[in-house]
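A short worksheet on the structure shown next.
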Amino acid sequence: MEIRSIRTVAALAIVTALGVAGCTSSEDDAKPKLGADGKVIINTFAQANADLNLATNPVTKLMSDKFKIEFRWQTTTWDAGPAREKRQIALASGDYPDLFMLIPWVDGFSQADVLKLGKQGVAVPLEKLIKENAPNIQKALDSNKTLKEMSTAPDGHIYALPQWSDCFHCSYPDKLWINSAWLKKLNLPMPKTTEELRTVLRAFKTKDPNGNGKADEIPMTADTQDGHLIDYLMGAFAYPPAGANNGGLGLLTLDGDKVTTPVNKPEWREGLKYIHSLFKEGLIDQASFTQNAEALQATGNNPDAVTIGSSPLLHPAIFVQLGSKDGRDKQYDAAPPLTGPSGKSYSGLNYPSSSTFTFMLTNKASKEAQVAAIKMLDYIYTTEGTNIAVMGPEGVGWTKPGPGDIALDNNVQPLYKRTPGSQAPKNLSWDSMAQYNLTLAYRNANVVPMDVYAEAGYERRLFQATKLYEGHDDKAQFFPTVSVWTDPSASAEIATLKTNLDSYVAQGQLAFITGSKNIDTDWDAYVKGLDGVGLQRYLELNQKDYDKYKAGK
């Protein structure tokens, strides 16, 4: 309780301070800051895990020498909560860096953040810098309508840039990975309907498929960070809108040009009733709604026995170690989207797969620093720059294709061959921090072995699995979140409404699934409560923004 209280006070201080952070003068800071060797100093805020030392990283040295930059790193972890808190505190205190280079799936700037920081003068407009110094970035913006829409604020400025990664398997995050070795042992087919899945999960629970004579099998489990349990199962009843950066459920869908939500509809209620029925039978692990990713991984890697029957996650490496000595990671294959009682079979679409902003120059950066940084990013937008920044030096992190090498997409010419993670040295590249121009053509040109169960063939395994989900999205219901910018005058209100609604929906769904609330008797009160926390106002504001987007304003 004490920790929570301290964090609450800190959060309130951040919110208050952010309102005045942009008023800080940075005239002195904007003067060129040069290191001993004449390189321009750029204080850079980044996220790094324990294996990444940006100060000694070879890509840092390459960028430093090529663009005459002396990086001074301010780093935080890959843990989203602490990473976000450190970023917010830096901005609130006025002690923020020249440059933010973030990782979208860790923590990035939202549209509301970008608009606020742009208005305050903290975020430097990039469009002129890009036009004068970054032809590759300009080409990407001009050729990619969605990228330009999501990068350009309503006032016409580009205050920050998102990463663009055409990650095919990320586009359909609502997958179920099921232990096909257990299916084979129990002589069961891959489930295709809601009731076939129930039959499979019952068998996993009661028929000792791991063969150790213990009732230790977990039919289905997930975690609170990466889990897609509700969205995957809900797809058999209603279209589940994907949240940002694969972060679970969204709220908004379209009915024609009307902005709406599925979470108060009868079909959603039926989906929750089905999920509750699985939970009530003990077929869904209670820990799915409380455990973090580390706890799930520990269960998946249990040295005593394979215990996980299925897990609804983006990919299996989240819950089981690739290259496991006993080969357990090879046991999991993707189940298709389930077909429900009324014949529905949806899978949520997450497009683009990264929606937050990750590259932001601030008013602390000198003109020289701004130019050097944008030229560096422009280099990353080239094929050569992407290869090196994402994978590391040639010959170590990647090689050119050889005879007989086949690209991920069999129909395209292979372009590069990445060194498998277990064979590559640590601290080799910027990797996720540099994934700014991973187009579908680039990603599909990656050389990937045909053996989908080999560690090096993992990307092909995900590619093939995702083909099961492709086409099960409903583009007519898809709300183009990244392209629809919030009216700046309503950004604070809409952010508060979304926070309250996300919390209310999450708590309500969990209560119905676990049975602490009866969906037959409490559903109407839940729906009424949605209006009480501002659903209609939220839809109204989003409708106004969507109408402006459709009108081209």
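The values are calculated or read from the model by the stated rules, or taken from the named source; none is laboratory data. The model shown is predicted, which means the values in this text are computed figures rather than measured ones. Cβ coordinates were reconstructed from backbone atoms using ideal geometry, including for glycine residues, and neighbour counts include every protein chain displayed. Ligands, DNA and RNA are excluded from the accessible area calculation, which covers all protein heavy atoms including side chains. Shrake-Rupley method; radii C 1.70, N 1.55, O 1.52, S 1.80 Å.
Residues are listed down the side, and each one gets a yes or a no for (1) under 27 Å from Lys548 (Cα atoms); (2) without any contact (Cβ under 8 Å) to a residue 60 or more places away in the chain:
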site: Asp113; (1), (2): yes, no
site: Glu132; (1), (2): no, yes
site: Leu141; (1), (2): yes, yes
site: Ser171; (1), (2): yes, no
site: Lys175; (1), (2): no, no
| query | Just for helices (runs of 4 or more DSSP H) wholly inside segment 207-303: which have at least 2 residues that are in contact (Cβ under 8 Å) with a residue 40 or more places away in the chain and among the aromatic types (Phe, Trp, Tyr)? | reply | 266-280
| query | Does Trp73 satisfy being among the aromatic types (Phe, Trp, Tyr), within 23 Å of Glu294 (Cα to Cα) and in contact (Cβ under 8 Å) with a residue 24 or more places away in the chain? | reply | no
| Among the residues of segment 425-453, which ones are open to solvent by less than 30 Å² (accessible area, probe 1.4 Å) and within 23 Å of Asp329 (Cα to Cα)? | Asn446, Val447, Val448, Val452
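Does segment 188-202 hold any residues that are of a type outside the set (A, V, I, L, M) and part of a helix (DSSP H, G or I), and which are they? If you could, list the steps in order and put the result at the bottom.
Taking segment 188-202 and keeping what is of a type outside the set (A, V, I, L, M), we get 189, 191-196, 198-199, 202.
Within segment 188-202, Thr194, Glu195, Glu196, Arg198, Thr199, Arg202 meet the criteria.
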| task | Given the conditions (1) open to solvent by less than 50 Å² (accessible area, probe 1.4 Å); (2) of a type in the set (D, E, K, R); (3) in contact with a Lys or Arg (Cβ under 9 Å, 6 or more places away or on another chain), report the number of the one that Arg87 does not fulfil. | result | (3)
| message | Could you go through segment 314-334 and let me know if any residue there is part of a loop (DSSP other than H, G, I, E, B) and within 21 Å of Glu470 (Cβ to Cβ). | response | yes
| Would you say Phe279 is under 29 Å from Leu252 (Cα atoms), more than 22 Å from the chain's Cα centre (by Cα) and of a type in the set (Phe, Trp, Tyr)? | yes
| said: Restricting to segment 319-360, give me the number of residues that are modelled with pLDDT of 95 or more and touching a Ser or Thr at 6+ places or on another chain (Cβ under 9 Å). | reply: 16
| message | If I filter segment 59-70 down to residues being touching a residue at least 12 places away in the same chain (Cβ under 8 Å) and out of contact with any strand residue (DSSP E or B) (no Cβ under 8 Å at 6 or more places or on another chain), which single residue comes out as least open to solvent (accessible area, probe 1.4 Å)? | response | Val59
| field | Residue that is least open to solvent (accessible area, probe 1.4 Å), among those in segment 467-486 that are hydrophobic (A, V, I, L, M, F, W, C) and within 28 Å of Ala335 (Cα to Cα) | value | Phe479
| Selection count, segment 355-369, where residues are within 19 Å of the chain's Cα centre (by Cα) and open to solvent by 10 Å² or more (accessible area, probe 1.4 Å) | 2
| request: Among the candidates Thr8, Thr56, Thr24, Thr16, single out the residue that is open to solvent by 50 Å² or more (accessible area, probe 1.4 Å), modelled with pLDDT of 95 or more and over 25 Å from the mean Cα position of the chain (by Cα). | output: Thr56
| Looking at this structure, is Val390 assigned to a loop (DSSP other than H, G, I, E, B) and crowded, with 17+ Cβ neighbours inside 10 Å? | no
| field | Filter result for the condition that a residue is closer than 24 Å to Ser165 by Cβ, at pLDDT 95 or above and of a type in the set (Phe, Trp, Tyr), over Tyr458, Tyr469, Tyr504 | value | Tyr469
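Only one residue in Leu147, Leu188, Leu129 is modelled with pLDDT of 95 or more, within 25 Å of Ser432 (Cβ to Cβ) and either of a type in the set (S, T, N, Q) or open to solvent by 10 Å² or more (accessible area, probe 1.4 Å) (or both), so which one is that?
Of the residues listed, the single one that is modelled with pLDDT of 95 or more, within 25 Å of Ser432 (Cβ to Cβ) and either of a type in the set (S, T, N, Q) or open to solvent by 10 Å² or more (accessible area, probe 1.4 Å) (or both) is Leu129.
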